[in-house]
Amino acid sequence: MRLFSLDLMDFANFLIQLLNGVQYGLLLFMLAAGLTLIFGIMGVVNLAHGSFYMLGAYMAWFFTAQFDSLVLAIMLGTVLAVVFGWLLEWGLFRFFYHRDHLDQVLLTFGLIYIFEEVRSILWGDDVHAVQVPELLNWSIPLTDTLSYPVYRLVMSGICVLLAIALYLLISKTRLGMKIRAGAFNREMAEALGINIRLIHGVVFALGVGLAAIAGMIASPISSVYPGMGSSVLIMCFVVVVIGGIGSVRGALVSALLVGLVDTFGKVLVPQLAGMAVYMLMAGVLLYKPEGLFKQ
Amino acid sequence: MSELLLSAQHLTKRFGGLAAVNDVSVDLFRDRIHAVIGPNGAGKSTLTNLLSGDLPPTAGSIRLNGEETAGHAPESISRMGLGRSYQKTNIFLPFTVWDNVRLAAQSRERHSPWNPLHWVSSARGLARVNERCERAIELAGLTHRTHTVAATISHGEQRQLEIAMTLATEPTVLLLDEPLAGMGQAEAESMVALLQRLKKDHAMMLVEHDMDAVFALADQLTVMVNGQVIASGSPVEVRNDPLVQAAYLGEEH
Amino acid sequence: MSSPKATLEKLPRGVQILLALGALALAAFPFVPMEGRDFYLQMLTQMMILAIFAMSLDLLQGVTGLVSLGHAAYFGLAGYALAFLTPADNPISLWWSLPLAAAASGLAALVIGFFVVRTHGIYFIMVTMAFAQMIYFLFFDNKALGGSDGIYVYFKPDATAVGLDLEDKTHFYYFTLAALIGVYLLLRRILFSPFGRALSGIRVNEHRMRAVGFGTFGYKLAAFTLAGTLAGVAGYLWAAQTGFVNPELMGFHMSAHAIMMVILGGMGNFAGAIVGAFAFEYVMHFFKDLTKHWQLLMGTFIVLVVIVAPRGLLGLGERFAARKGDQP
């Protein structure tokens with residue numbers, strides 16, 4: 001890829017990969033933000049986080065088939081996911097905030113099994129495709145032969161909007177302030193009258209919701225299949241490790257970094273395939289074992 | 001003139017904009033106890049952490065037995081002859097007193113974790129380690145508790161265990177962070193007697209709030225307020241220093 | 001936040017006797033006439049192999065306190081090593097292929113450990129998982145390494161030099177039993193060695209260990225490498241026994257199962273790992289026979305264990321004894 005004798009074709013290819021990388025990164029951010037918040041504030045590691053992504057995708061497929069509208073499916077799915085997250089926190093997770101990481105690892109691993117089976121019972125084990133909504137099913141032409149799907153841009157757009165909303169929520173609202181206070185010093189926050197239980201529920205439900213939304217909007221691109229939870233979970237963990245636990249900003253920077261490194265890595269050095277991201281993680285670990293933005 | 005074993009010069013530690021320790025210098029001589037006092041938040045624990053390697057300094061130097069140790073890892077500083085006890089009891093609670101001290105004593109052997117010989121030999125059979133361990137327990141006055149689980153001994157005895165573990169590595173320099181913390185009258189007197197016995201052959205730095213103990217033990221006194229040294233000298237000098245009286249001792253007494 | 005728990009290290013007399021009886025029972029089993037003997041022989045062999053795998057993790061988790069979610073990587077790698085070493089038309093000698101395969105796993109553990117051991121707590125859990133997944137995808141995505149289909153091991157290793165025909169299920173069974181006992185005895189020895197004592201200290205209070213002069217990074221890395229090597233021994237045996245390796249052997253589920261096995265029986269004494277491996281496999285087979293949706297049962301079982309008996313059967317026993325002691 002030469003910069004100075006810019007071939008339009010080369011540039012278009014570069015742009016496509018760039019947009020793909022950013023899109024992947026933003027999607028990862030949706031998952032990583034929830035994971036890092038839940039861990040940073042409540043101290044819980046959740047291996048089943050990828051399952052929420054998977055359940056979101058299956059819900060998108062199922063409801064789209066029912067209502068013939070992806071948009072409606074996403075709205076319904078989001079509500080269900082948030083309620084589900086709230087109940088899960090209230091009924092199970094809140095008893096594990098002070099437990100060993102080992103216990104949390106086991107608990108959430110058990111949940112993975114349960115979620116997989118529930119999905120299997122409800123919706124089976126088949127792979128499904130979800131149609132891109134008609135309105136968005138076109139591409140912006142870049143050259144004679146290359147174009148970029150509008151839906152992917154919309155995906156990225158939605159992620160950006162949600163990221164901005166998250167930022168505003170956490171830094172500009174009273175709820176956000178309470179969340180940050182709770183993360184900083186739980187006892188003090190409670191003494192000041194902040195309802196910590198409520199905060200925990202909100203944060204957890206938010207995390208689950210974001211993961212499910214990610215699965216839903218990604219479903220037309222990635223299709224819907226049983227193993228999709230675990231493959232995204234691992235990338236999510238890498239993002240959180242690189243970014244630093246508890247830092248949403250770190251998760252954003254790290255997610256974009258991972259998205260770009262993975263995309264360009266696969267294009268530029270195909271022999272390494274998916275290794276590029278792990279090499280990035282290994283490199284970060286050598287200098288900042290607690291992540292780039294560790295608080 | 002006593003031998004200078006540890007010399008810290010112009011130590012500074014910043015956390016963001018805040019200087020927890022600001023241009024502090026401390027010298028520790030053999031057979032001398034140097035007490036560091038000051039109100040809470042004065043930076044005494046931070047200073048101790050800088051000297052023991054738990055925190056790297058932002059600026060300044062530390063020479064231990066002639067070698068520079070600023071920014072080194074705690075384990076290498078320990079191996080160079082520095083022992084440190086903690087204000088918040090930092091022992092192995094589930095182990096017996098013997099096992100607690102034995103581990104500290106074992107570290108002196110400098111085993112390589114990669115040497116298969118030490119994977120299959122018996123830890124109990126290390127005679128030198130056992131001797132060292134027994135001696136440290138005896139020095140700290142815990143012989144009667146040797147096989148008791150550390151979590152079940154009294155608070156005062158746990159503080160003694162803190163000291164025993166520090167002694168088991170046979171250090172020449174001792175940093176003791178509030179060894180009398182939380183002790184009743186009788187226990188405190190015991191501890192003071194122990195510290196007095198330890199003075200010989202060691203250079204000691206004592207961070208303490210208990211003023212009776214400080215004036216009973218200290219050969220040299222440094223007063224810290226807000227990260228800086230406001231006075232340093234013999235206990236009598238420091239006691240009569242108007243700055244010190246205003247800032248600290250006046251309120252305490 | 002990991003709580004430094006006391007683990008049961010010196011096994012009570014009763015447990016020692018039970019262990020000895022168990023070993024005798026395993027030794028006697030092939031002589032018992034029964035239907036489907038071959039099937040049970042294979043099943044027990046697999047359980048013993050998994051017990052070795054679980055014990056290797058116990059060194060890391062129960063003794064040193066390092067929760068690795070990627071231990072299966074070293075299990076699978078040695079299996080693949082055997083698969084690559086075994087040509088299509090001949091068996092290879094056990095005597096150099098086993099050490100070589102285990103060394104390959106050990107080397108991988110050393111390299112990965114170098115990066116991973118510098119992290120703590122939750123980071124450690126996540127990065128061990130990440131690197132194991134990296135290895136998983138390395139094999140999954142590469143046809144040259146067998147891809148998702150895996151590789152066959154056409155011949156069991158050749159041990160005829162000592163009169164063992166490993167193609168014979170009974171011979172293989174006894175070889176595995178010997179390996180199980182050998183690894184158990186080695187690990188018990190390590191537990192009470194200076195190295196093992198240091199690892200226990202690291203589990204309980206790493207900070208103080210450093211303060212008294214232990215280079216804990218080196219100790220943790222050595223434990224990680226040794227655990228990986230022993231996992232390799234198990235993986236080699238697995239590949240030899242089943243005649244087949246695929247990336248799932250290095251996958252996340254395998255690693256999580258190992259953790260479960262170690263927890264179930266009680267951590268830190270290796271006997272618990274053996275019991276846990278047998279128990280876990282038995283439960284899984286039981287559920288699989290019961291229903292197509294066995295994962296639901298398995299998941300519920302795991303969740304229940306965490307809620308009711310997070311320190312395994314041993315933990316239950318300890319708590320029970322403690323409560324009895326509280327009564328007037």
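Every number here is computed from the coordinates shown, using simple stated rules; none is lab data. No experiment lies behind these values; they were computed from the predicted model shown. Note that each Cβ is placed from the backbone with ideal geometry, even for glycine, and that neighbours are counted across all protein chains shown.
Region B:214-233 and region B:62-136 have their alpha-carbon centroids 30 Å apart. The order of the peptides C:245-252, C:259-266, C:46-53, A:113-120 by mean Cβ neighbours within 10 Å, most packed first, is C:259-266, C:46-53, C:245-252, A:113-120. Per-residue mean of foreign Cβ neighbours for B:114-123 is 6 (Cβ atoms of other chains, 10 Å radius). Descending by average beta-carbon neighbour count within 10 Å, the peptides A:46-54, C:208-216, A:80-88 line up as A:46-54, C:208-216, A:80-88, the highest first.
The calculated FRET efficiency for the pair residue A:161 and residue B:226, based on their C-beta separation and a Förster distance of 41 Å, comes to about 0.30.
Give the angle, between 0 and 90 degrees and rounded to the nearest 10, that separates the Cα long axis of helix A:150-172 from the longest principal axis of the Cα atoms of chain A. Computed tilt is about 30 degrees. Take every pair of alpha-carbon atoms less than 8 Å apart whose residues are at least six positions apart; their mean separation over the length of chain A yields a relative contact order of 36 percent.
Relative contact order, whole percent, for region B:92-170 stands at 51, derived from Cα pairs under 8 Å and 6 or more residues apart. By the Stokes-Einstein formula, at 1.306 mPa s and 10 °C, region C:130-251 with its Kirkwood radius over alpha-carbon pairs has D equal to 92 µm²/s. Projecting the Cα atoms of A:63, B:245, B:100 onto the charge dipole of the protein assembly as shown (Cβ charges, centred on the Cα centre) puts B:245 farthest toward the positive pole. Once the Cα atoms are used to define both axes, helix B:185-198 deviates from the longest principal axis of chain B by about 80 degrees. Pairs exceeding a 22 Å alpha-carbon distance, out of C:169/C:292; A:288/B:13; A:288/B:44; B:13/B:44: C:169/C:292; A:288/B:44. Inter-chain neighbour count for C:112-125: the average number of beta-carbon atoms from partner chains within 10 Å of each residue's beta-carbon is 5. Length gained on full extension, residue A:154 to residue A:140: 3.8 nm, using 0.36 nm per residue less the C-alpha separation. Distant-in-sequence amide contacts of residue A:148, defined by a placed amide H-H separation under 5 Å and a gap of 5 or more residues or a different chain, comprise A:140, A:142.
Roughly how many Å is it from the Cα centre of region A:220-284 to that of region C:137-208, as a whole number? Comparing the Cα centres of region A:220-284 and region C:137-208, I get a distance of 32 Å. Panel values: region B:92-170, Kirkwood radius from alpha carbon pairs, Stokes-Einstein at 37 °C and 0.692 mPa s, translational diffusion coefficient 259 µm²/s.
Put simply, the amide H of residue C:158, placed in the peptide plane, has neighbours under 5 Å in C:92, C:93, C:94, leaving out anything fewer than 5 places away on its chain. Straight-distance candidates among the lysines for linking to residue C:143, with alpha-carbon spacing under 19 Å and chain neighbours fewer than 8 residues away dropped: A:266. Placing +1 on each Lys and Arg Cβ and -1 on each Asp and Glu Cβ, with no other charges, gives region B:5-158 a dipole about its Cα centre of roughly 80 debye. In this label model, residue A:14 and residue B:149 are separated by 6.6 nm, measuring between points 7 Å along each Cα→Cβ vector. Computed from backbone phi with θ = phi - 60° and the Karplus coefficients 6.51, -1.76 and 1.60, the 3J(HN,Hα) list for region C:71-86 is 5, 5, 4, 7, 5, x, 4, 5, x, 5, 4, 4, 4, 6, 6, 7 Hz; x is used for glycine and proline.
Highest mean packing first, where packing is the average number of other Cβ atoms within 10 Å per residue, the peptides A:56-64, A:212-220, C:79-87 line up as A:212-220, A:56-64, C:79-87. Compared with the dominant principal axis of the Cα atoms in chain A, helix A:174-184 is inclined by about 70°. Size check on chain A: the Cα extents along the three principal axes, sorted descending, read 64, 50, 36 Å.
Structural descriptor for chain B: relative contact order 28 percent, calculated from alpha carbon pairs under 8 angstrom and at least 6 residues apart.
Remark: spin-label model distance residue C:162-residue B:2 equals 6.4 nm, labels positioned 7 Å along the Cα→Cβ axis. Shown is the FRET efficiency for residue C:37 and residue C:178, computed with R0 = 22 Å from the Cβ-Cβ distance and rounded to the nearest 0.05: 0.65.
Looking at the calculated P(r) for the protein assembly as shown, what percent of the C-alpha pair distances fall above 55 Å?
Summing the P(r) tail past 55 Å for the protein assembly as shown gives 19 percent.
Shielding by partners for peptide C:256-269, expressed as the average number of C-beta atoms from other protein chains within 10 Å of each residue's C-beta, is 2. Distances between placed amide hydrogens fall under 5 Å for residue B:84 paired with B:175, all partners being 5 or more residues away or on another chain.
Helix content alone sets the calculated 222 nm mean residue ellipticity of chain A: runs of n ≥ 4 DSSP H residues at -39500 (n - 2.57) each, divided across all residues, give -25000 deg cm²/dmol. Listing A:123, C:294, A:138 from fewest to most neighbouring C-beta atoms within 10 Å gives A:138, A:123, C:294. For region A:12-54 versus region B:137-181, the spacing of their alpha-carbon centroids is 49 Å.
For residue A:267 and residue B:243, a Förster radius of 60 Å and the Cβ-Cβ distance give a FRET efficiency of 0.30, rounded to the nearest 0.05.
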